[in-house]
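The values are calculated or read from the model by the stated rules, or taken from the named source; none is laboratory data. Computed from a predicted model, the values in this text were never measured in an experiment. Don't worry about glycine lacking a Cβ; one is built from the backbone with ideal geometry, like all the others, and counts go over all protein chains shown.
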Amino acid sequence: QEPEPCIGCMQQQADIKLHKLCDDEGSSGDCVSCYCRPMWCLDCMGKWFASRQDQQRPETWLSSTCPCPTCRSVFCMLDVCKIDR
């Protein structure tokens, strides 16, 4: 199957899949499984995640969560998986 372009930038291949890998005890417990197909590149997903964080507290970003830009399932940084094609 031919890789699809990222729907954020249309310049790179979609190479990110959100898959719940975090431990519920170690995080806020809000993360859920996302069943969207890969539609975003790492750069666009990173920009999306950063834009949804408290801009005044960047030290909290790595332990924070964010909704999937497509289905709104909540994920954290540990749930971002790069796929190989």
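G26: more than 12 Å from V80 (Cα to Cα), modelled with pLDDT under 95 and not aromatic (F, W, Y), yes or no?
Yes; evaluated as a whole, the condition is true for this residue.
Which of the residues that make up the stretch 65-85 are assigned to a helix (DSSP H, G or I) and either in contact with a helix residue (DSSP H, G or I) (Cβ under 7 Å, 6 or more places away or on another chain) or loosely packed, with under 12 Cβ neighbours inside 10 Å (or both)?
Of everything in the stretch 65-85, just one residue is assigned to a helix (DSSP H, G or I) and either in contact with a helix residue (DSSP H, G or I) (Cβ under 7 Å, 6 or more places away or on another chain) or loosely packed, with under 12 Cβ neighbours inside 10 Å (or both), namely M77.
Just the residues that are in a helix (DSSP H, G or I), exposed (fewer than 14 other Cβ atoms within 10 Å of the Cβ) and at pLDDT below 95, please, taken from the stretch 39-64.
P58, E59, T60, L62, S63
May I ask you to list pairs of residues, at least six apart or on different chains, whose Cβ atoms are under 7 Å apart, with the first in the stretch 35-53 being without any contact (Cβ under 8 Å) to a residue 12 or more places away in the chain and the second being surrounded by 14 or more Cβ atoms within 10 Å (Cβ to Cβ) and assigned to a helix (DSSP H, G or I)?
Once the first residue is without any contact (Cβ under 8 Å) to a residue 12 or more places away in the chain and sits in the stretch 35-53, its partners that are surrounded by 14 or more Cβ atoms within 10 Å (Cβ to Cβ) and assigned to a helix (DSSP H, G or I) give A50/W61.
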